[in-house]
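Novice: Structure incoming, see below.
The values are calculated or read from the model by the stated rules, or taken from the named source; none is laboratory data. Everything numeric here is computed off the predicted structure, so don't read it as measured data. Neighbour counts run over all protein chains shown; Cβ positions are idealised from the backbone, glycine included. Heavy atoms of the whole protein, side chains included, go into the accessibility calculation; ligands, DNA and RNA do not. Shrake-Rupley method; radii C 1.70, N 1.55, O 1.52, S 1.80 Å.
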Amino acid sequence: MEQTFIMIKPDGVQRGLVGEIVCRFEKKGFSLKGLKLISVERAFAEKHYEDLSSKPFFSGLVDYIISGPVVAMVWEGKNVVSTGRNIIGATNPAASAPGTIRGDYAVEIGRNIIHGSDAVESARKEIALWFPDGTVNWQSSLHPWIYEC
Ligand code: IDP
Ligand code: MG
């Protein structure tokens, strides 16, 4: 089953949105496979965002991610990478649809409260980076109520 990496950024933690965000993924029917509150160092944040290292906003982005604790999560489910991106909303909250997390709770691109993997392959890399000791292998008893088989 597909997995994605979701991170509640420091502004999402500071603004008390952890429960609300976990709730949205849970209620959708996805399964939580890993979760931790963690403060990351500059080198780790640079590694996570290494694909963006040439962007002019890169150092500000890294400053933002290391500015406080983040909540790192792994969610599992059918098409969870793309559906997770839809739940999160567009990168710039000014363009994120109402009903999405960024559309409902954020204003600026540099304070957009949440990260979600953009592809199955990047999810695999990000999960390996953030959860080097692995995740929890369990299946929800709700599975047959969410999936046909
Ligand atoms: P994503 O988070 O929607 O996948 P990416 O393009 O991967 O968007 O960018 C990663 C993060 O970098 C964004 O979530 C946002 O916090 C920040 N970012 C992206 N573009 C800009 C920008 O133009 N100015 C400031 N920050 C940006
Ligand atoms: Mg991205």
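Novice: How much accessible area does ASP118 have with a 1.4 Å probe, in Å² rounded to the nearest 10?
Specialist: Accessible surface of ASP118 is approximately 100 Å².
Novice: Between VAL107 and SER82, take the C-beta separation as r, use R0 = 22 Å, and let me know the FRET efficiency to the nearest 0.05.
Specialist: 0.30
Novice: Between GLU41 and ASP133, what FRET efficiency follows from the Cβ-Cβ distance if R0 is 22 Å, with the result rounded to 0.05? Provide the component values of the computation, followed by the final result.
Specialist: Details: r = 18 Å, r/R0 = 0.81.
The value I calculate is 0.80.
Novice: Per-residue ellipticity at 222 nm for the chain, helices alone: DSSP H runs ≥ 4 residues times -39500 (n - 2.57), over residue total, nearest 500 deg cm²/dmol?
Specialist: After summing the helix terms and dividing by residue count, I get -10500 deg cm²/dmol.
Novice: If you look for lysine pairs in the chain that are eight or more places apart or on different chains, how many of them have Cα atoms under 30 Å apart?
Specialist: Pairs that pass both the separation and distance tests number 26.
Novice: Rg and Dmax of segment 1-79, using alpha carbons, in Å: what are they?
Specialist: 13.6, 38
Novice: Are there GluC sites (Glu not before Pro) in segment 1-67 that DSSP puts in a loop and that have at most 13 other Cβ atoms within 10 Å, and which ones?
Specialist: GLU41
Novice: Taking θ as phi - 60°, what are the ³J(HN,Hα) couplings along segment 36-45 by the Karplus curve (6.51, -1.76, 1.60), each to the nearest whole Hz, with x for Gly and Pro?
Specialist: Values per residue, Gly and Pro as x: 8, 8, 8, 9, 10, 8, 3, 4, 5, 5 Hz.
Novice: Also: Could you work out the per residue convex hull volume over the alpha carbons of the chain, in cubic angstrom?
Specialist: Values: hull volume 16.2 nm³, N = 149.
Taking only Cα atoms, the chain has a hull volume of 108 Å³ per residue.
Novice: Another question, if that's okay. Only sites in a loop by DSSP and with at most 16 other Cβ atoms within 10 Å count here; which chymotrypsin sites (Phe, Trp or Tyr not before Pro) in segment 1-61 make the cut?
Specialist: Those that pass, being in a loop and sparsely packed, are TYR49, PHE57.
Novice: Roughly what would the spin-label model give for SER53 and ILE146, points 7 Å off Cα along C-beta, in nm?
Specialist: 3.6
Novice: 7 Å from Cα along Cα→Cβ at both LYS27 and MET1: what's the point-to-point distance in nm?
Specialist: 2.0
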